[in-house]
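Working notes for the structure below.
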Amino acid sequence: MERKKVFIIAEAGDNHNGDFDLALRLVDKAAEAGADCVKFQTFVTENVISKFAEKAAYQKETTGENESQYEMVKKLELSFEQFRSIQKYCEEKNIMFLSTPFDLDSIDFLEEIKVPFWKIPSGEITNLPYLEKIAKTGKDIIMSTGMCTMEEIGEAVSILKGHGAGSITLLHCNTEYPTPFEDVNLRAMREMEEAFGVPVGYSDHTVGIEVPIAAAAMGAAVIEKHFTLDKNMEGPDHKASLEPEELKQMVCAVRHIEQAMGSGRKQPSPSEQKNISIARKSIVARRRICKGEELTEENLYIKRPGDGISPMRWYELIGTAAVKDFEEDELIVE
């Protein structure tokens, strides 16, 4: 069965560091890499993070401990009007604009500007009002499942379906930045696909491009990967992101993999058919054979090319008479 094209999301996230011009440059790089979509994160910090929220360990490592999570995230916020401009810029660059909402006001805004579908982040799977509000728009949904049990995923899927959501795609994900390879567990994609009967994909936070390529080979319908202009920039997610040239390499590799997966039917491909007669062998004369002479294991041999009688008929020929004179190495004919 022929597979659909893998949908590749270049996750800009908040790697613009709150700088509108950097956000536009990220759009440029995603388009140049050949991604299908560039995705940002839309939020009103006051609606998302309380003043008591601590930073994650990886955030402390990348941005220090002298500010709160609220203060860190506030610096990464872009306004709704800036997102309107980014969406328009994406249209000019012929790449799909998408942004993940992190609060209810941001859902309203993104619905107003008509995002093509919703991308729900892992952290909102247990947010009932959020899930209901998104589902009621009736749009298709891609949902990451980092940190989740199968029961939590099942409950979220039921809520989405029960409130009118369109089609649902689940992304296997690990919410550690970067994710240790031993914690990736790509086979979980298959468990989710079998359990929920929906398309599955993979949202990657590992270092490098190997794991998303492997996910594509395992049948991921969607691949999402963070990228940045420079891994050494200040900010929480840069070090777990790809730089533009790496993103381009990943997209290229995924496209090669989806081509290589093929139909699943084992048969000679068009490109190799011309080599059949070159690589296979035929029954030939081991020495000069006279017409009428009995063909035996002593006067026959098997050599290339393969456009004569197949060696699979070896025992059919043994004991029959030569139909003509044959020179050494000449293909035997009947």
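The values are calculated or read from the model by the stated rules, or taken from the named source; none is laboratory data. Small disclaimer: the values here were computed from a predicted structure and weren't measured. A quick note on method: Cβ atoms are made from the backbone with ideal geometry, for glycine too, and the neighbour counts reach across all protein chains shown. With ligands, DNA and RNA removed, areas are computed over all heavy atoms of the protein, side chains included. Shrake-Rupley method; radii C 1.70, N 1.55, O 1.52, S 1.80 Å.
Miscellaneous remarks
- Candidate set from the range 113-127 (those that are more than 19 Å from SER203 (Cα to Cα) and aliphatic (A, V, I, L, M)); member that is surrounded by the most Cβ atoms within 10 Å (Cβ to Cβ): VAL115
- Test: residue in the range 243-258 that is free of Cβ contacts under 8 Å to residues at least 40 places away in the same chain and among the hydrophobic types (A, V, I, L, M, F, W, C): no
- Wholly enclosed helices (runs of 4 or more DSSP H) of the range 1-116 bearing at least 1 residues among the small types (Gly, Ala, Ser), in contact (Cβ under 8 Å) with a residue 40 or more places away in the chain and within 30 Å of MET261 (Cβ to Cβ): 20-33
- Only listed residue being within 30 Å of ALA260 (Cα to Cα), modelled with pLDDT of 95 or more, open to solvent by 60 Å² or more (accessible area, probe 1.4 Å) and not hydrophobic (A, V, I, L, M, F, W, C), chosen from ASP329, ASP325, ASP307: ASP307
- Counted as qualifying within the range 211-296 are the helices (runs of 4 or more DSSP H) with 3 or more residues that are more than 28 Å from VAL333 (Cα to Cα) and open to solvent by 40 Å² or more (accessible area, probe 1.4 Å), namely 244-261.
- The number of residues in the range 117-127 being of a type outside the set (D, E, K, R) and part of a helix (DSSP H, G or I) comes to 2.
- Taken over the range 225-240, the residue count meeting the criterion of being touching a Pro at 6+ places or on another chain (Cβ under 9 Å) and under 19 Å from ALA57 (Cα atoms) is 2.
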